[in-house]
Amino acid sequence: MVHELTGLVGQPQNLVSYHLGKLRDARLVSARRSAADRRDAYYTVDLSRVGDLLSATGGALHPGLRLTPPTPGSAAPGRVRVLFLCTGNSSRSQMAEALARARSGGVVEAYSAGSHPKPMHPNAVRVMHDEHGIDLAGQASKHLGVFARRRFDRVISLCDRVREVCPEFPGQPETIHWSIPDPAAGQADDDASYPAFQQTASELETRIGFLLATLTDRATAS
């Protein structure tokens with residue numbers, strides 16, 4: 001949100017909005033209205049596109065400047081406990097939990113929960129099995145209260161509504177918000193909604209990759 005960005009960069013809102021507009025024109029940043037409060041807008045940086053542009057720029061200057069992506073989890077000294085939250089814990093947070101576990105090589109101890117749990121969506125199970133090789137069959141949805149006394153290193157909210165009701169967890173974990181639309185919203189037919197689940201799983205795969213790279217980088221720096 002713009003007011004959060006102005007606080008982070010210490011610049012006036014009109015200047016931040018101007019540069020956000022330039023970044024959107026260059027397709028480096030996208031924006032969408034909050035599902036919880038239509039007055040708020042969440043901005044997302046396309047890190048994959050930024051990485052491609054940086055790599056191309058470096059390679060154009062000298063082959064030795066091409067970016068080499070880090071190996072997720074290769075330098076992490078211990079397990080990191082991450083909790084993913086969404087409203088129903090029926091698709092987004094379950095997929096994020098499974099991807100973090102599968103892609104981290106044992107670095108991430110992942111969990112998920114919801115503010116209003118619903119049964120697992122069949123398309124979440126289908127897309128993870130068919131396109132990402134991960135079996136979610138048998139996974140149960142859980143209320144976030146189950147983890148009220150558990151300690152986590154990071155708590156990541158995936159939808160705008162759960163962000164509004166997210167409780168405080170012991171140990172003051174780092175909180176992160178990924179504003180990801182509900183792939184099941186407004187879709188009564190499973191086949192009709194399946195492409196939305198494909199897009200959500202793909203976005204989560206990308207975000208999890210960058211999360212793991214961040215964990216690796218911090219472990220190396222420490």
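Key figures
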item: Whole-percent carbon and sulfur share, accessible surface of the chain, 1.4 Å; result: 52
item: Spin-label model distance (nm) - Thr206 vs Asp40, 7 Å beyond Cα toward Cβ; result: 2.2
item: Enclosed volume per residue, in Å³, of the convex hull spanned by Cα atoms of segment 103-222; result: 121
item: Label-to-label distance, nm, for residues given as Ala31 and Glu4 (7 Å Cα→Cβ offset); result: 1.5
item: Listed residues Ala196, Pro167, Ala113: farthest to the positive end of the dipole of the chain (Cβ charges); result: Pro167
item: Label point at Asp190 placed 7 Å out along Cα→Cβ; residues across segment 127-151 whose backbone nitrogen lies under 18 Å; result: 127-141
item: Residue-span extension gain [Arg126 to Leu15] - 0.36 nm each, minus C-alpha spacing; result: 35.5 nm
item: Table column - 3J(HN,Hα) (Hz), segment 106-111, Karplus curve with 6.51, -1.76, 1.60, x for Gly and Pro; result: x, 6, 9, 9, 9, 9
item: Fully extended contour minus Cα-Cα distance, from Gln199 to Leu54, at 0.36 nm per residue; result: 49.7 nm
item: Debye intensity ratio I(q)/I(0), log10, segment 122-193, q values 0.16, 0.19, 0.21, 0.26 Å⁻¹ (C-alpha model); result: -0.79, -1.01, -1.10, -1.19
item: Theoretical gain in end-to-end length, Glu109 to His143 [0.36 nm per residue, Cα-Cα removed]; result: 10.4 nm
item: Residue-wise HN-Hα coupling along segment 171-180, computed from phi with Karplus coefficients 6.51, -1.76, 1.60 (Hz; x: Gly, Pro); result: x, 6, x, 5, 9, 10, 10, 10, 7, 10
item: Å² of accessible area per residue within the chain, as computed with a 1.4 Å probe and no ligands counted; result: 56
item: Share of alpha-carbon pairs per 5 Å distance bin for segment 96-161, given as whole %; result: 3, 14, 23, 27, 21, 10, 2, 0
item: Rule-of-thumb Rg ratio for the chain [Cα; 2.2 N^0.38 Å; N residues]; result: 1.07
item: Share, in percent, of DSSP beta bridges within the chain that are antiparallel, nearest 5; result: 25
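The values are calculated or read from the model by the stated rules, or taken from the named source; none is laboratory data. Quantities reported herein were computed from a predicted structural model and do not represent experimental measurements. Using ideal geometry, Cβ is built from the backbone for each residue, glycine included, and neighbour counts are taken over all protein chains shown. Keep in mind that these areas ignore ligands, DNA and RNA; they rest on the heavy atoms of the full protein, side chains included. Shrake-Rupley method; radii C 1.70, N 1.55, O 1.52, S 1.80 Å.
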